[in-house]
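Here's the structure we're looking at; comments come further down.
The values are calculated or read from the model by the stated rules, or taken from the named source; none is laboratory data. Please read all numbers here as calculations on a predicted model, not as lab measurements. Because the Cβ atoms are built from the backbone with ideal geometry, glycine has one as well, and the counts that use them run over all protein chains shown. With ligands, DNA and RNA removed, areas are computed over all heavy atoms of the protein, side chains included. Shrake-Rupley method; radii C 1.70, N 1.55, O 1.52, S 1.80 Å.
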Amino acid sequence: VEETPEEDIPKVRVKFVTKFDSFRVTDHPIAVPETLGRYGLSEVVNHLLDPNKNSENGSESVEEKNRQPIPFDILINGKFLRTSLLNYLRQNAMGGEMVLELEYVPALRQPKEKRKENQPDWISSLHFLHLDKNIKSCLISSCYDGCLRLYDEDLKVLHSVIASKQPINALGIGTFKNDTFLLAGGKEKEITFWNILGKESRSFEKLGLFKGHQNSIASIDLSFRNEGGIAASGDWDGRLCLWNMSSFLDQTPNHSMKKKRTNEGFHDSSVIELEPFADFKAHSQVVSGVCFTGKNRLCTASYDRSLKIWDVERQDCIHTNSTNKPVICADALPERLGGFVATGHNDQKIRIWDPRAKAGESFGVANLASKSGWIYGIRWQEGDFTHIASSSRDGALRIWDIRSAGPLHTINAHSGSALCIAWSGESIASGGEDGVVRTFNTETTYL
């Protein structure tokens, strides 16, 4: 079958727009073939960006000849274009005579594996953190062997500590007055409270023990503000405990209490026990996720197919929303980025929620789906309100943009289930049933 000459292909008038000044091209409408999709339109933008394409003699320098095209994603009305322009017009019953406004953004590149590190048991949770200027970033993991491990950017173990005699299922990390604090909980029904020391030591200092749960702990989050800190934890009974850490932190200014080194290898400074200031039944099944979404606001998620927003001071549920399926994991953006909550489910879907919705209104925003099995881990990209990483039963990691219904990238990372995920800047980390921690580099081109 002979191909139709390009000049005979019907054209669509489009206008290219972007929020990135360094990539801006003419916003005058131009005619392009209606058969073009994302990749063809990306080539058009690159052609418009190249000043030599429109020069009189058409000569190119060696640098220009070696310049790699910049991949762009194309959005129409805030959604990624994943078909040809012709199919888009047909699906939306639009005529070809109108001018389509196409927003182009630098595409997120396929992540590349950096390092991997084997551990003796399942990896249950991962978090990136920044301890000092001498090291770009650190990674902390919890494991079913009861250990916490601190890694440098090359996955070299800087320090490890036995935090529990049983598996650790949940971690919560926060920074207060230049100190980084960690909460770890699991099968032992207690939460250990740690200071993660930076500079030369880069180790764990045990500060306290939180007692109040009667079943295994499934989820933890903490929030620090000027007045101090509050933590929330959920367990397999569906109970929620709230902890006031402000008075606790006041008792250990600059951590000047007398310390002694124990056989386990960490500093134990007259560990303080803390009881919750509130303990109540929040859900009929396990509290699989707790996330602070703003001052005095807490979101909880559960296998009971509900998402709830709580007033922390009053311990009062102010909004309940049905999730249709059990929530396996949850993560929230900080308040300054909207506080959106992402949840992973056993129906292979990710759901996005806006907790700012008024009482009586559904706060569902978007559904993302792929053939992945149960989604065990989910994490927003730090400082970004569009990108999400997930880990799932099929051992794969997936990178998502909430403006696209399907994943941008899929990475086969683990031989068993991929249990947890972390994402900070251009670094992604995952852990799985195979006892392996893997790190990946991802980047978007910004000139």
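For residues that are under 20 Å from PRO106 (Cβ atoms), part of a loop (DSSP other than H, G, I, E, B) and of a type outside the set (A, V, I, L, M, F, W, C), scanning just the range 429-447, find the one that is most open to solvent (accessible area, probe 1.4 Å). Give the steps one after another, and end with the answer.
Of the residues in the range 429-447, the ones under 20 Å from PRO106 (Cβ atoms) are 440-447.
From what is left, the residues that are part of a loop (DSSP other than H, G, I, E, B) are 442-443, 445-447.
Going one step further and asking which of them are of a type outside the set (A, V, I, L, M, F, W, C), we end up with 442-443, 445-446.
Numbers: THR442: 5, GLU443: 90, THR445: 26, TYR446: 132 Å².
Among those residues, the one meeting the criterion is TYR446.
Spot the failing condition for GLN110; the list is (1) under 20 Å from the mean Cα position of the chain (by Cα); (2) in a loop (DSSP other than H, G, I, E, B); (3) closer than 24 Å to ASN195 by Cα, and only one is missed.
(3)
Can you name the strands (runs of 3 or more DSSP E) wholly within the range 113-183 that have at least 1 residues being in contact (Cβ under 8 Å) with a residue 40 or more places away in the chain and within 22 Å of ARG393 (Cβ to Cβ)?
Correct list: 123-129, 138-143, 168-176.
Within the range 401-412, how many residues turn out to be without any contact (Cβ under 8 Å) to a residue 40 or more places away in the chain and either under 15 Å from GLY432 (Cβ atoms) or crowded, with 22+ Cβ neighbours inside 10 Å (or both)?
Residues that pass the stated criteria total 1.
Assuming GLY146 fulfils every condition listed in (1) on the phi > 0 side of the Ramachandran plot; (2) at pLDDT below 95 apart from one, which condition is it?
(2)
Per-residue answers, yes or no, for (1) surrounded by 18 or more Cβ atoms within 10 Å (Cβ to Cβ); (2) at pLDDT below 85; (3) closer than 27 Å to ASP331 by Cβ:
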residue: ASN46; (1), (2), (3): yes, no, no
residue: SER59; (1), (2), (3): no, yes, no
residue: GLY96; (1), (2), (3): no, yes, no
residue: ILE123; (1), (2), (3): yes, no, yes
residue: LEU129; (1), (2), (3): yes, no, yes
residue: LYS133; (1), (2), (3): no, yes, no
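Answer yes or no: is there a residue in the range 413-428 that is in a strand (DSSP E or B), among the small types (Gly, Ala, Ser), under 21 Å from LEU150 (Cβ atoms) and modelled with pLDDT under 95.
yes
Which residue pairs have Cβ atoms closer than 7 Å, lie 6 or more positions apart in sequence or on different chains, and pair a first residue in the range 79-93 that is closer than 21 Å to THR386 by Cβ with a second residue that is in a loop (DSSP other than H, G, I, E, B) and open to solvent by 30 Å² or more (accessible area, probe 1.4 Å)?
From residues that are closer than 21 Å to THR386 by Cβ, the pairs are LYS79/ARG403; PHE80/ARG403.
Would you point out the residue of the range 279-300, among those that are of a type in the set (A, V, I, L, M, F, W, C) and farther than 23 Å from PRO334 by Cα, that is most open to solvent (accessible area, probe 1.4 Å)? Let's see the steps before the verdict.
First pass over the range 279-300, keeping only residues of a type in the set (A, V, I, L, M, F, W, C): 280, 282, 286-287, 290-292, 298-299.
Restricting the remaining residues to those that are farther than 23 Å from PRO334 by Cα gives 280, 286.
Details: PHE280: 38, VAL286: 7 Å².
Among residues in the range 279-300 that are of a type in the set (A, V, I, L, M, F, W, C) and farther than 23 Å from PRO334 by Cα, the one most open to solvent (accessible area, probe 1.4 Å) is PHE280.
Restricting the search to the range 380-400, which residues are in contact with a Phe, Trp or Tyr (Cβ under 8 Å, 6 or more places away or on another chain) and either crowded, with 24+ Cβ neighbours inside 10 Å or assigned to a loop (DSSP other than H, G, I, E, B) (or both)? Lay out the reasoning, then the answer.
Taking the range 380-400 first, the residues in contact with a Phe, Trp or Tyr (Cβ under 8 Å, 6 or more places away or on another chain) are 380-382, 385, 387-393, 397.
Hits for the range 380-400 are GLN381, GLU382, PHE385, ILE388, ALA389, SER390, SER391, SER392, ARG393, LEU397.
For the range 218-274, how many residues are modelled with pLDDT under 90 and either assigned to a loop (DSSP other than H, G, I, E, B) or on the phi > 0 side of the Ramachandran plot (or both)?
Here the count works out to 18.
Can you tell me which of (1) under 19 Å from GLY432 (Cβ atoms); (2) buried (at least 18 other Cβ atoms within 10 Å of the Cβ); (3) without any contact (Cβ under 8 Å) to a residue 60 or more places away in the chain is the one SER216 doesn't meet?
It fails just one condition, (1).
Cβ contacts < 6 Å: first residue surrounded by 22 or more Cβ atoms within 10 Å (Cβ to Cβ), restricted to the range 225-244; second residue of a type in the set (Gly, Ala, Ser) and assigned to a loop (DSSP other than H, G, I, E, B), any location; separation 6+ or different chain. Result?
Final answer for the pair search is LEU240/ALA282; CYS241/GLY212.
Please go through the range 301-311 and give me each residue that is more than 13 Å from THR343 (Cα to Cα) and open to solvent by 10 Å² or more (accessible area, probe 1.4 Å), ordered by number.
Within the range 301-311, ASP304, TRP310, ASP311 meet the criteria.
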